[in-house]
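Asker: Please see the structure below; I have some questions.
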Amino acid sequence: MARSALLNVMVQAAMKAGRGLARDFGEVQNLQVSRKGPADFVSNADLQAEKTIYEELKLARPDYGYLMEESGSQPGVDPQHRWIVDPLDGTTNFLHGIPFFAVSIALERDGQIVAGVIYNPALDELYAAERGTGAFFNDRRMRVANRSEMSETVIGTGIPFMGHGDHVRHIREQHAIMGKVAGIRRPGAAALDLAFVAAGRFDGFWEHDLKAWDMAAGIILIREAGGFVSDLDNRQGMFDNGNIVAGNAKIHKELMRIINRANA
Ligand code: IPD
Ligand code: CA
Ligand code: CA
């Protein structure tokens, strides 16, 4: 697969930050057994990854703006372009020595996401897409799954946790879905969960209370892989209301229907 210069910049930045995270992840496993624990170390690893990405992107496109999880938003000289970055998605996994975390970088042009890269350094799995040119998994073309029977699907989600989200609503939604599907998964890194939909590993996904940096790259991956992504009202308000539903045309529609009915 011949990548555009732009996508190359994004892949280089994600992989450089990812290699740093992979090294730090090794250290987390040592610190796990120490008395102090790895929490401070992990927050430094997170900040370091963000710094690496910022610098790599700045070098290549000095005028673009940023929306980054740790340092917030930084307008660019160029008002059309904005990087949306989650340097470490799946922090809780990382902290617990679970090798399921990722770097996520997206590019927005005039309010539309036009490119996205998600990299899981622990598995060396790279997902990349640019508008109009398809989506790729480690350089191979990827497509969303084509299952159309709910009973055959594996659906990903995010379960709210202490101090976050609406626990009762989640239980209601999960209850409505669990009896209709082959399985529900909660791997713990929303960016990767969305990449799994793009790669056809998950047939669908839904979650509430996500941020733009959790979703931006995954959204373009899924679209370019032939899938559908929206909020629960079938609108493109994901960054405003934080909820997202994804899948192929049939599963996306069916998930929305089941969830909305559960909440009615
Ligand atoms: C979190 C993960 C998780 C999702 C949380 C996010 P973080 O991101 O994506 O899967 O359920 O809502 O905050 O904090 O690990 O970057
Ligand atoms: Ca995140
Ligand atoms: Ca994060």
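Asker: Might you check whether a residue that is modelled with pLDDT of 95 or more, under 16 Å from VAL117 (Cβ atoms), aliphatic (A, V, I, L, M) and not in a helix (DSSP H, G or I) occurs anywhere in the stretch 49-63?
Answerer: no
Asker: Taking the conditions exactly as written (within 16 Å of ligand 2 (Cβ to nearest atom), in contact (Cβ under 8 Å) with a residue 12 or more places away in the chain and not polar (S, T, N, Q)), does ALA182 satisfy them or not?
Answerer: No, not satisfied.
Asker: Can you report the number of residues in the stretch 64-112 which are within 16 Å of ligand 2 (Cβ to nearest atom), assigned to a strand (DSSP E or B) and in contact (Cβ under 8 Å) with a residue 60 or more places away in the chain?
Answerer: Residues meeting the conditions: 13.
Asker: Given the conditions (1) touching a residue at least 40 places away in the same chain (Cβ under 8 Å); (2) charged (D, E, K, R); (3) more than 22 Å from ALA129 (Cβ to Cβ), which single one is not true for ASP203?
Answerer: Status for ASP203: all satisfied but (3).
Asker: Can you tell me which residues in the stretch 74-112 are polar (S, T, N, Q) and either surrounded by 24 or more Cβ atoms within 10 Å (Cβ to Cβ) or within 15 Å of ligand 3 (Cβ to nearest atom) (or both)?
Answerer: Answer for the stretch 74-112, where residues must be polar (S, T, N, Q) and either surrounded by 24 or more Cβ atoms within 10 Å (Cβ to Cβ) or within 15 Å of ligand 3 (Cβ to nearest atom) (or both): THR91, THR92, ASN93, SER104.
Asker: Continuing with this model, one more query. Taking LEU126 as the residue in question, decide whether it is on the phi < 0 side of the Ramachandran plot, in the same structural domain as GLU108 (by TED's automatic domain parsing) and either in contact (Cβ under 8 Å) with a residue 12 or more places away in the chain or out of contact with any Cys (no Cβ under 6 Å at 6 or more places or on another chain) (or both).
Answerer: Against the criterion (on the phi < 0 side of the Ramachandran plot, in the same structural domain as GLU108 (by TED's automatic domain parsing) and either in contact (Cβ under 8 Å) with a residue 12 or more places away in the chain or out of contact with any Cys (no Cβ under 6 Å at 6 or more places or on another chain) (or both)), LEU126 qualifies.
Asker: Looking at the stretch 176-194 only, could you name the residues that are farther than 14 Å from THR92 by Cβ and either at pLDDT below 95 or assigned to a loop (DSSP other than H, G, I, E, B) (or both)?
Answerer: Hits for the stretch 176-194 are GLY179, LYS180, VAL181, ALA182.
Conditions tested, residue by residue: (1) within 16 Å of ligand 2 (Cβ to nearest atom); (2) crowded, with 17+ Cβ neighbours inside 10 Å; (3) of a type in the set (Asp, Glu); (4) over 24 Å from GLY90 (Cβ atoms).
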position: GLN174; (1), (2), (3), (4): no, yes, no, no
position: GLY204; (1), (2), (3), (4): no, yes, no, no
position: LYS211; (1), (2), (3), (4): yes, no, no, no
position: ALA225; (1), (2), (3), (4): no, yes, no, no
position: SER230; (1), (2), (3), (4): no, yes, no, no
position: ILE244; (1), (2), (3), (4): yes, yes, no, no
position: ASN248; (1), (2), (3), (4): no, yes, no, yes
position: LYS253; (1), (2), (3), (4): no, no, no, yes
position: ILE259; (1), (2), (3), (4): no, yes, no, no
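Asker: Within the stretch 179-236, take every residue that is of a type in the set (Val, Ile, Thr) and closer than 18 Å to VAL117 by Cα and give me the one that is nearest to ligand 3 (Cβ to nearest atom).
Answerer: Only one residue fits best here, namely ILE219.
The values are calculated or read from the model by the stated rules, or taken from the named source; none is laboratory data. What you are looking at is a predicted structure, and each value in this text was computed from that prediction instead of being measured. Glycine gets a Cβ as well: all are built from the backbone with ideal geometry, and neighbour counts include every protein chain shown.
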